[in-house]
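What follows is a set of notes on a single structure, which appears directly below.
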Amino acid sequence: MIRIIQDSWFVLSTERTTYAFRTLPTGQLEHLYYGRRLLIPEDDGAAIAALTALAEKHAFQPGNSCQYDGEHPEYTLDDMRLEASWGGKGDMREPFVEIIQSDGSRTSDFRFLGADVSEGKAEFDTLPGSYDEKDEVETLAVSLFDTWNALTLELDYYVFEDCDVITRRAKLTNNGTKDVTLLRLMSAQLDFDLPGYVLTTFHGAWAREMQREDRVLSSGKLVSDSFSGTSSSRANPFVMLHPAETTEDRGDCYASNLIYSGNHYEAVEVNAFGKTRFVTGINPRGFAWTLPKDESFEAPEAVLTYSPDGFNGMSRNMHRFVRNHVVRGEWKKKARPVLCNSWEACYFKIDEAKLLKLAKAAKDTGVELFVMDDGWFTNRNDDKAGLGDWIVDTKKLPKGLSGIADKINELGLRFGLWVEPEMVSVNSELYRAHTDWVIQNKYTLHSEGRNQRILDLTNTAVQDHLIETMTKVFKSANITYVKWDMNRPFSDVFSQTLPPERQGEVFHRYVIGLYRVMGELVKRFPKILFEGCASGGNRFDLGILAYFPQIWASDDTDALCRASIQTGYSYGYPMSTVSAHVSSCPNHQTLRETPLETRFNVAAFGVFGYELNFCDLKAEELKAIKAQIELYKKWRDVLQFGDFYRGRAFQGLETNGVSRAGVVSAGGYDGNLTEWTVVSRDKTRAVGFLMQKLAVPNTQFHTYFARGLEPEAFYRFSNRQLKYDVRIFGDLVNTGSPIHFKQDSMLLNIAARFLKENGETEDVTASGDTLMYGGVHLKQSFGGTGLSDEVRVFQDFGSRIYFMEKVKDKPVVPSTEGTAAGQISTGQPELRGE
C-alpha cells in the first residue's frame, strides 16, 4: 500500500514492513524509516504527528559544513538521511547521481516537483524488470527537477506486499537544449542513523563462487563491485546489511539485489556524522553516457527487502519475490527434468555413437533429458576454434542435430544443446568475415580470454545476426533445453561502431543488446528450458533470471565446494534457480573423492542432474543412481519449489591460507557442519540435509534441527535405508570375518559384491516444535569402538538427507520388526550377506 499525506509525506507498506520519507523544506527527500511495519494513524494530521517523530531535528548548521541555502541555515545535506543525493550542494558522501553539465559544472540541484501513485507496473524501455501476474503491485513515481540544468530525475518505487519487497529504480531525462554527460545513476539509496552495520557480500572466483564475507563498518567506506563486464563470480550484486548480532533466525536484516547482468556497484559509507549510506547500481567505473536533449536514461531495478527474522526471514522474502516476480514463462512453476550433460563424460571428444551409448545408459537410470554440450559444430575439437559459425560437424553427427535429437527422443529422452552465442573464435569464418563485429581495437594488442573474443552486442547488426543464427539452430531439431554459456570476462573494451566520445557506454549498451537477443529468442521459443551459464556462476543474477529460469551455479561440481557455494546462493536466490549436478570422482576440479550419496544429497537441493560417464560406472553405482533418481522424483516438488532454510553451515573453504569457517558463530556458521531444510509450501512435507566436512575422532553424536515446520503438527522423521561397501572399512573387515581378506584382493572384491554393512535407521514421530527446537538426536556415528546398524557411517564429507511427512496420528513407538535391532556389535564390523 502506498499513501501520500498532504503531498509531502510518503508511506509505503507491505504485509510486515514500512518504508517512509518526506519532502524537506529545501525540496530534497528525507528518508525517515525502513523496517518493521509501523502503526500509522489513518487521520492525516495524526499520521504527520506520528511520522514527525521519525524526522531529524536540526536548529543550527554543524561546524565545517555547508548549508544548503540561506533561507534554511539549519540544513546541511551532509548530515541528513536522504532518498537520493548528488554533488555540489554540501553532501560529501557517495552520490546517487553524478552529471557533467553542458557548461562543464558537476553540481546538480534536484528538488521535489511532484508525485503520483498508480496501480500496476509498466515495462521498462531497455531493461528487464520485475512484474506481477495479478497486477496488484502499486507504483509511486516521484519527480525531482533541477531548474538550473533543466533535468528531471524520476524515482520510482514498486511495492510487492506479498513478499515484503520494495523495488526502486531511477530515470534521468534531459529537458534542456544541450547534451549532458551522465557519470553515474544509482538504482537505490538507503541512509541509516547509525554506524556499525555489517556488510555481508558474496565474493569468489571461477569454481569458488558465492563465498560469504562479513565486514563491520564504523567509519570510512566499503565497496563490492564488478568490472568484468558481467555481474561476475568475483562479487555478486546480492548483498546484506545487518547488525552484528543478527543470526539465521533472529535479528534485523536488510538485503539488496539488482535486476542487471553487467558491471555493478554496492557501497556502504559511514560519514563524519556517524550516518551510514548504502547505494547500489551500475558501476560508475568506466561509465560515461552522453544524454542528448529530450532523451532519458533508465537505471536497473533494485530489489530491497527487510526482515526482523534474521537471514532466513530475509531469504524467504527474496525467494518468494524471485520465484513469483522475476522468473517467468513456461518453466516458472514447472518441475525441471533430471538431466545428463555430456561435458565431463566426453569434453570435446563426441560423436553420435558415443553420445547415444551415454544417453542409453543414462535413460536406464531414470534420466529424463540428455544434453549435448560443447564440441558439436565444425572445427570444434578444442577451445581454440569454431565459435561463431554454428554449423554442425557432420563427421561427428552425420545426420545433423535433427538426426541425433530424433535418436535421443526414440530412447524416451528429451534433447538439449549447449551454445555460446556471444563469443567468436579468431579461427572462424564469422571472425574472418566480420572483424568489425568484435569488441576489440584492431590497432592494439588484444588480451585474449579462453582463446576467444566477444561479439559487439552494442551493434544492432550483431544482435540481429545472433537472433537469426540461433533461431536457425533451435528450429533445426526437437530441442527442448538450451544451455547458454559465456566463458570469458571483457578486455580491451572498445566498440568499433561507437564514436570515441561514447566508448564509456560500451559495457551498458552490451547488456541492453544481450537482453534484446535473449528476449527475442525466449519469445520465439517459449517452450525451451533455457539455462544461463558463464564459466559457471560468472553471471548469476536477476537480469538473466528474467529470461532464463535457472543458471548453472558453478563449474565446480565437488560436493564439499558445492555445499558452500549453494549455501551462498541460498541467501538471495531460490534453489529452483540453482543448477547442480552429480559428477564423477576424483572430482575434475579438485581431485577430491567424496561419497556418491553425498554428491547426490548436495545436488538434489538444486535443479538436479548428472554430469559423468554412465558407461564407465559399475553396476552397483548405476543401481545406486537409479535409486537416487527415483527418490528425487518423489520429492522433486518439495526440493525445487519448497521454502529453503539454512541451519548451521561451513562457509568459505581454505582461501589464501585463511579459513573463514567459524568466523561468525552467531550467524549460524559451524566449522564442520552444513544443515539445510526445505519445506513444502503447505508444510506437509520436508527434506533435511546434514553434512560434515571432516570426521572428528570420538565425536559420536550429532543433532539435526529442522526449520519451517508447523510447531503443533506431528511429523514422521525418517532416513534413507543404505547399505555400505565393506571395503570402506579397510583392514577392520578382518575383525568380524571368519576368514582373512587381503586389501584389494580378488577375494575381497568378490565378497564385497554380496556382503554389505547395513546403515542406521532413523524413524521417529514428533511434533514440529520438537524437531525444530529440540532437534533429532541421531544414531551415534562411528567412533572407532564398534559398528552395527545402530551406528552411522559418517566419514569425511559424509552426509545424510532426512524426510519429514505430516501425520494425523499421535506418535507411536517404532517397530523393530524387520530391522537389525538387537544385533548390536560389541566389536568391529559384522559382515552380512545382502
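The values are calculated or read from the model by the stated rules, or taken from the named source; none is laboratory data. Values in this document were obtained by computation on a predicted structure and should not be read as measured data. Here the Cβ is made from the backbone with ideal geometry for all residues, glycine too, and neighbour counts use every protein chain on show. These area figures cover heavy atoms from the full protein model, side chains too; ligands, DNA and RNA do not enter into them. Shrake-Rupley method; radii C 1.70, N 1.55, O 1.52, S 1.80 Å.
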**Study point:** region 666-692, subset modelled with pLDDT under 95 and assigned to a loop (DSSP other than H, G, I, E, B), residue surrounded by the most Cβ atoms within 10 Å (Cβ to Cβ)
**Key:** G668
Review point. From Y610, Y632, which residue is closer than 25 Å to D682 by Cβ and either open to solvent by 10 Å² or more (accessible area, probe 1.4 Å) or touching a Leu at 6+ places or on another chain (Cβ under 8 Å) (or both)?
Key: Y632
Practice item. Hey, could you check region 98-126 for residues that are of a type in the set (D, E) and closer than 16 Å to R184 by Cα and say which is farthest from the chain's Cα centre (by Cα)? Key: D109
**Study point:** Within region 363-379, tally of residues that are under 21 Å from A335 (Cα atoms) and of a type in the set (D, E, K, R)
**Key:** 3
**Study point:** Set A345, A361: member being out of contact with any Gly (no Cβ under 9 Å at 6 or more places or on another chain), buried (at least 22 other Cβ atoms within 10 Å of the Cβ) and closer than 30 Å to D637 by Cβ
**Key:** A345
Revision key, fill the gap. Note on region 737-787: residues within 19 Å of V807 (Cβ to Cβ) and of a type in the set (S, T, N, Q) are T761, T765, S767, T770
Point to revise | Those residues of region 102-147 which are of a type in the set (S, T, N, Q) and surrounded by fewer than 20 Cβ atoms within 10 Å (Cβ to Cβ), in sequence order | key: S102, S105, T107, S118, T126, T139, S143, T147
Review point. Here is a list of conditions, (1) at pLDDT below 95; (2) surrounded by fewer than 19 Cβ atoms within 10 Å (Cβ to Cβ); (3) at negative phi, and N698 meets all of them except one; can you say which number that is?
Key: (3)
Review point. Could you say whether any residue in region 577-598 is within 25 Å of the chain's Cα centre (by Cα), closer than 19 Å to W331 by Cα, hydroxyl-bearing (S, T, Y) and surrounded by 17 or more Cβ atoms within 10 Å (Cβ to Cβ)?
Key: yes
Revision key, fill the gap. Residue count, region 767-787, condition within 38 Å of the chain's Cα centre (by Cα) and at positive phi, comes to 1
Practice item. Out of the residues in region 148-161 that are acidic (D, E) and open to solvent by 10 Å² or more (accessible area, probe 1.4 Å), state the one that is nearest to the chain's Cα centre (by Cα). Key: E161
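Yes/no per residue for (1) farther than 30 Å from K626 by Cβ; (2) among the β-branched types (V, I, T); (3) open to solvent by less than 60 Å² (accessible area, probe 1.4 Å):
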position	(1), (2), (3)
D373	no, no, yes
N381	yes, no, no
L387	yes, no, yes
N409	no, no, yes
E429	yes, no, no
Q440	yes, no, yes
E448	yes, no, no
N459	yes, no, yes
Check your understanding: Say we look at region 587-636 and pick out the residues that are free of Cβ contacts under 8 Å to residues at least 40 places away in the same chain and hydrophobic (A, V, I, L, M, F, W, C); which of these is farthest from A362 (Cα to Cα)?
Key -> L591
Check your understanding: Which one is farthest from K57 (Cα to Cα) among residues in region 70-123 that are of a type in the set (V, I, T) and in a loop (DSSP other than H, G, I, E, B)?
Key -> T107
Study note, to complete from the structure: Result of the Cβ filter at 8 Å on region 719-734, keeping first residues that are closer than 25 Å to A686 by Cα and open to solvent by 30 Å² or more (accessible area, probe 1.4 Å) and partners that are in a strand (DSSP E or B) and of a type in the set (D, E), at least 6 apart or interchain, is K723/E757
Check your understanding: Hey, does region 19-41 have a residue that's closer than 24 Å to V117 by Cβ, over 36 Å from the mean Cα position of the chain (by Cα) and part of a helix (DSSP H, G or I)?
Key -> no
Study note, to complete from the structure: Subset of region 724-766, residues within 43 Å of the chain's Cα centre (by Cα) and of a type in the set (F, W, Y), comes to Y724, F729
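Which fully enclosed strands (runs of 3 or more DSSP E) of region 738-819 have 3 or more residues being at pLDDT below 90? So that I can check it myself, show each step before the final result.
Working: elements: 755-758, 763-767, 799-807.
Ranges flagged: 755-758.
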Exercise for review: Kindly provide the set of residues from region 35-82 that are in contact (Cβ under 8 Å) with a residue 24 or more places away in the chain and β-branched (V, I, T), ordered by number.
Suggested key: I40, I48
